[in-house]
1. Which condition number does residue 116 fail, the rest of (1) surrounded by 15 or more Cβ atoms within 10 Å (Cβ to Cβ); (2) under 19 Å from residue 73 (Cα atoms); (3) of a type in the set (Ser, Thr, Tyr) being met?
2. Can you name the number of the only condition in (1) surrounded by 17 or more Cβ atoms within 10 Å (Cβ to Cβ); (2) over 13 Å from the mean Cα position of the chain (by Cα); (3) under 20 Å from residue 57 (Cα atoms) that residue 98 fails?
3. Quick check: anything in the stretch 59-75 touching an Asp or Glu at 6+ places or on another chain (Cβ under 8 Å) and charged (D, E, K, R)?
4. Quick check on this structure: which one of 102, 56, 121 is part of a helix (DSSP H, G or I), modelled with pLDDT of 90 or more and within 24 Å of residue 164 (Cβ to Cβ)?
5. How many of the residues making up the stretch 12-57 are aromatic (Phe, Trp, Tyr) and under 11 Å from the mean Cα position of the chain (by Cα)?
6. Conditions first: (1) more than 30 Å from residue 38 (Cβ to Cβ); (2) modelled with pLDDT of 80 or more. Residue 132 passes all but one, so which condition is the exception?
7. Can you give me the number of residues within the stretch 34-60 that are surrounded by fewer than 12 Cβ atoms within 10 Å (Cβ to Cβ), farther than 20 Å from residue 124 by Cα and not aromatic (Phe, Trp, Tyr)?
8. Which residues, counting only those in the stretch 113-149, are more than 11 Å from residue 61 (Cβ to Cβ), among the small types (Gly, Ala, Ser) and under 20 Å from the mean Cα position of the chain (by Cα)?
Amino acid sequence: MLGASMKTIRKQRGFTMMEVLVSVLIVSFGMLGIAATLFTANRSATSSYVRQQAVQDAYDILDRMRANHTVAAVAGGSYTTSSVPSSAPSPNCSTSTCTGTQMAAYDVWQWETNVSTNLPQGVGSVTIAAGSTNTYTVTVSVTWSDQAGSSAFTPQGATASNTTQTYTVVSAL
């Protein structure tokens, strides 16, 4: 009797190789799911950060224009731009005293440089139009490539059709 019960105990000990392989397979699929979720979260966080940077850049030039109101309040004036940054204007207004027009040129250069540096393929534009009753309408647009955000929310196998994003602010000055 003692010998028969020993064999029974031996057969019930531990896992078989097949059970171990199935367990490893299930855990592997779970880990792949977690990795995919983290990857998508990282891409959407990157997209959100870049969008927030574009919003800050748009309001940055508006604040600069409000600080230099007399030069900025001219339709088609010194703050109007729609290009990538050119060479640094002279004089450098952060180290020397400038007139309002020189400050406008410096502000535009510094803003365009920030937009092109902070945003992937970033380009900014500012237009100023005469409004009513001594006001001016300022339109600031910031455009960038949002490849990370577009690919994060595009179904697998499909290609993102539009990766360019634009943030526009219209304000009275």
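The values are calculated or read from the model by the stated rules, or taken from the named source; none is laboratory data. Remember, it's a predicted structure, so these values are computed and weren't measured experimentally. Quick reminder, even Gly has a Cβ in these numbers, built from the backbone with ideal geometry, and neighbours come from all protein chains shown.
1. (2)
2. Evaluating residue 98 over (1) surrounded by 17 or more Cβ atoms within 10 Å (Cβ to Cβ); (2) over 13 Å from the mean Cα position of the chain (by Cα); (3) under 20 Å from residue 57 (Cα atoms) leaves (3) as the failure.
3. Yes, the stretch 59-75 has at least one match.
4. Testing whether each residue is part of a helix (DSSP H, G or I), modelled with pLDDT of 90 or more and within 24 Å of residue 164 (Cβ to Cβ) leaves just 56.
5. Final tally of qualifying residues: 1.
6. Of (1) more than 30 Å from residue 38 (Cβ to Cβ); (2) modelled with pLDDT of 80 or more, only one is false for residue 132: (2).
7. Of the residues in that region, 6 qualify.
8. Result: 116, 122, 145, 148, 149.
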